[in-house]
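Student: Let me give you the structure first, and then I'll get to my questions.
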Amino acid sequence: MRDEQKHCEFCGTEYKGKFYSKGSYYTVLQCPQCDLLWSDPLTDERYEESINSHYFGEEIYLRKEKGQKERFKVQIEKVLKLYDPKITKNEIKILDVGSGLGFFLDVCDEMQIYCEGCDINEKVVNYSNKIRNRTRLGTIDGYYEDESFDMIFALNLIEHIPHPKEFISQCARILKPGGLLVLETPIQESLFHLFARLGDHLTGFKMNNYGINTNGHIYKFCNKTFEKFKDLGFETVHREKIGSPLKEIYGKTSYMSVKNKIIMKFVLPVVWLLARVFGMENRAFVIFKNNK
Ligand SMILES: [Zn+2]
């Protein structure tokens, strides 16, 4: 299954993606119209394997539990403030797509908000359902009823989905009119990305540190791509940048060559700190309203 992608799957432009960089077995292309970056091929025969091994280190995820839950709580509170004040908290229904081990669901339980999850990794679904049956194994495609949820959270998910446009359309269908779609995803407008671009150019495309690769983070979005959500019925109501914990960023360098790793070991903490100071952190937290 080698899913080649020469055209932007998101905005439907007729022009082919432009060369941006390359990896050992893939090319990074950029849409000439919406600036979206993607890896060509999007996925290959190792895709299934990569889904199932994604949570391989369960103990690593559990170590992050406390910090993640704190972040989720802050995010949920932000989203609630932007929702229709006539709808009370106990009427709200949330769907968490890519719900993993269920930390987000735990936070909703604590806050007494109805939430269910879905995920394509069987192992994490089983783990999450130990508490109660609350997570479905599968994608959202065609499963949920029209206008059945108030909010959909897809945190650190959209960059992994081979066909994000189809995903966004499904969200538009499932959400109630005025419902909120909440995304968190790595973005191009970050200091890390700028430094990666610089390093890549200086080394003649031998230092691809964008965090984009086949089967992994297939896409990297940007502000211009977010504008295209309008065509799918979504209006941006909130956008901010958030940083990954430094430890997590270090973890992502594991696939690099030793030479790159040594350079990054010194560069990363400096860039991370500067990004914090200048508000150029590496992920966007975006809330869209369904304009049905
Ligand atoms: Zn595009």
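Read-outs throughout are calculated quantities, based only on the coordinates presented, and are distinct from any laboratory measurement. What you see is a predicted model, and the numbers here were worked out from it, not measured in a lab. Every residue, glycine as well, gets a Cβ built from its backbone with ideal geometry; the counts of neighbours run over all protein chains shown.
Student: With a 10 Å cut-off between alpha carbons and a GNM built on the chain, which of 161, 152, 218 moves the most?
Tutor: Highest fluctuation of the listed residues: 161.
Student: Springs between alpha-carbon pairs under 10 angstrom, Gaussian network model over the chain: which of 125, 277, 79 fluctuates most?
Tutor: Answer for the Gaussian network model of the chain: 277.
Student: Let me check I have the definition right: for the chain, take the eigenvalues of the Cα gyration tensor, multiply each by 5, take square roots. What are those semi-axes in whole Å, largest first? Mind dumping the intermediate values first?
Tutor: Values: eigenvalues 183, 95, 75 Å².
Computed over the chain, the values are 30, 22, 19 Å.
Student: Report the net charge of residues surrounding residue 105, where surrounding means a beta-carbon distance below 11 angstrom and charges are Lys +1, Arg +1, Asp -1, Glu -1. List each step's numbers first, then the result.
Tutor: On the way: positive: 69, 132, 134; negative: 96, 106, 109, 110, 116, 119.
So the environment of residue 105 carries a net charge of -3.
Student: For a quick protection proxy, order the peptides 5-11, 202-208 by their average other-Cβ count within 10 Å, most packed first. Write out the running numbers ahead of the final one.
Tutor: Working: 5-11: 18.9, 202-208: 14.4.
Highest to lowest by the protection proxy: 5-11, 202-208.
Student: Report, by chain and number, residues whose modeled amide H sits under 5 Å from the one on residue 221, excluding near sequence neighbours (fewer than 5 apart, same chain).
Tutor: Those qualifying (amide H under 5 Å, at least 5 residues apart or on another chain) are 188.
Student: What is the gain in length, in nm to one decimal, between residue 146 and residue 65 on full extension, counting 0.36 nm per residue of separation less the C-alpha to C-alpha distance?
Tutor: Working: separation 81, 0.36 × 81 = 29.16 nm, distance 3.26 nm.
Fully extending the segment from residue 146 to residue 65 adds 25.9 nm.
Student: Additional query: Can you compute the modelled spin-label distance between residue 81 and residue 163, with each label point 7 Å from Cα toward Cβ, in nm?
Tutor: Label-label distance for residue 81 and residue 163, simple model: 3.8 nm.
Student: Who wins for biggest fluctuation among 274, 232, 191 in a Gaussian network model of the chain, springs between alpha carbons below 10 Å?
Tutor: 274
Student: Under 18 Å from a point 7 Å along the Cα-to-Cβ line of residue 25: which residues of segment 205-223 have their amide N that close?
Tutor: Label zone hits: 208, 211-219.
Student: Add -39500 (n - 2.57) for each DSSP H run of 4 or more in the chain, then divide by its residues: what number comes out at 222 nm, to the nearest 500 deg cm²/dmol?
Tutor: Details: 10 runs with 101 residues, N = 292.
Theoretical 222 nm ellipticity from helices: -10000 deg cm²/dmol.
Student: Hey, which aspartates and glutamates would be in cross-link range of residue 292, C-alpha to C-alpha under 18 Å, not counting anything within fewer than 8 residues on its own chain?
Tutor: Partners within reach: 84, 145, 146, 147, 150, 166, 227, 231, 235.
Student: Same structure again: Please enumerate, by chain and number, the lysines with C-alpha under 18 Å from the C-alpha of residue 81, excluding those fewer than 8 residues away in the same chain.
Tutor: The qualifying lysines are 73, 89, 93, 176, 289.
Student: Ranked highest first by the average count of other Cβ atoms within 10 Å around their residues, in what order do 105-115, 263-273 fall?
Tutor: On the way: 105-115: 17.5, 263-273: 15.3.
Output ranking for 105-115, 263-273: 105-115, 263-273.
Student: Set the Förster radius R0 to 25 Å, insert the Cβ-Cβ distance between residue 230 and residue 91 as r into 1/(1 + (r/R0)^6), and round the FRET efficiency to 0.05.
Tutor: Values: r = 28 Å, r/R0 = 1.12.
That gives a FRET efficiency of 0.35.
Student: Here's another thing I want to ask about it. Taking the alpha-carbon distance from residue 6 and a cut-off under 30 Å, which lysines remain once sequence neighbours fewer than 8 residues away in the same chain are dropped?
Tutor: Answer for residue 6, where 30 Å is the Cα cut-off: 16, 18, 22, 165, 206, 220, 224, 228, 230, 241, 252, listed by chain and number.
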